[in-house]
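The values are calculated or read from the model by the stated rules, or taken from the named source; none is laboratory data. This one's a predicted model, so the numbers in the text were calculated from it and none came from an experiment. FYI the Cβ positions are ideal-geometry reconstructions off the backbone, even for glycines, and counts take in every protein chain you see.
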């Protein structure tokens, strides 16, 4: 009886399932959509290696290291994008023919979600933001598959609140945020490409390269914000109510920031410093690697990178070793004993400079007698170098080593402090020594 019961229910299940399969799975329109999707996937599969090679060549040709991860990510997602375009085209054709497209719509929603997830996980460095984009993509895909995109849009559009004369809805805010993110990303991409071109332009000074790139980036970001607000129907005059309060708040809260921004523009316009210059500010000595809107990056000889605010470079005294040219004169002081031949010492010291590679022959180096000290004749070597970025302490060390070798070969003595002791009471001193010796012997005998 159990077998008969099971067979009966299997017959009922088959009777209910077969019509559904014939209507929704084995139907000609479903099979056609399946074939179209499979053909599109096969075409993209065949074209994927060629696309990958093209993007690799494009990445190598661009030479912009900061854009290589983005180009690689777009290259990996390009076959999926082509597949999505084919699915959309197939939906358009089938819809014009009056045929259903529910299966293609489902596949295209999943493919779009997958593309967004791949790009967000690669391009967005913040893991939380990447997960947020992925979750949003899956939610939109699920709503599209369920046919709830339009009802959800109407619901979000009805959830509105007024701000003065401005009527904002949740849907409007979401559209504006998405468009703003896309436009800011596009503005950064364009500014990075233009900045790379400017840096490779030999007829533009480094200061003008930085100034042009910063102004372009600021202009594109401003244009992106204005375009995003205008695209969603937000009238910029509606924010006039807040302009006074915001202006006062920015004036007090961002005083230092604005000062650094203005100082950065002044530094770029007057060309007092530029990338590659060797500067000294207080105890910081190094070369400028980057000029930013708020600070200047200075790398010292020990590899430490100092971020100096632009305002400090305007208000404080800065030594620019390479402002007009790269020539720098260095001084090395030393002394010889009074018994040494000063003329010979000067000649040997000057000749020793010729053995140091970084010392220039012109302007000619010179050795001067600068003083007569307590225990030495004071001399000073003055010479020029053309590469202060390579450091100054190391070349001074090389010069002193050559002088040391030359003086020792010529038996020229370097002095050292000497002191003469004048004992006023020799008898008292002898008595004290005798007592100390007796005490030491007595202690030793114990």
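Has region 246-260 got at least one residue that is modelled with pLDDT of 75 or more, surrounded by 13 or more Cβ atoms within 10 Å (Cβ to Cβ) and either in contact with a helix residue (DSSP H, G or I) (Cβ under 6 Å, 6 or more places away or on another chain) or not assigned by TED's automatic domain parsing to the domain that holds residue 184 (or both)?
Yes, because at least one residue in region 246-260 is modelled with pLDDT of 75 or more, surrounded by 13 or more Cβ atoms within 10 Å (Cβ to Cβ) and either in contact with a helix residue (DSSP H, G or I) (Cβ under 6 Å, 6 or more places away or on another chain) or not assigned by TED's automatic domain parsing to the domain that holds residue 184 (or both).
Does residue 94 meet the test of being assigned to a helix (DSSP H, G or I), out of contact with any helix residue (DSSP H, G or I) (no Cβ under 6 Å at 6 or more places or on another chain) and modelled with pLDDT under 75?
In short, no.
For region 286-314, enumerate the residues that are over 25 Å from residue 216 (Cβ atoms) and in contact (Cβ under 8 Å) with a residue 24 or more places away in the chain.
Matches in region 286-314: 287, 301, 312.
I'd like to check something: does region 105-126 contain any residue that is assigned by TED's automatic domain parsing to the domain that holds residue 37 and out of contact with any helix residue (DSSP H, G or I) (no Cβ under 7 Å at 6 or more places or on another chain)?
yes
For the subset of region 262-284 comprising residues that are touching a helix residue (DSSP H, G or I) at 6+ places or on another chain (Cβ under 9 Å) and part of a strand (DSSP E or B), which member is farthest from residue 213 (Cα to Cα)?
The qualifying residue farthest from residue 213 (Cα to Cα) is 281.
Out of curiosity, is residue 362 closer than 30 Å to residue 274 by Cβ and at pLDDT below 90?
For residue 362, the condition - closer than 30 Å to residue 274 by Cβ and at pLDDT below 90 - is met.
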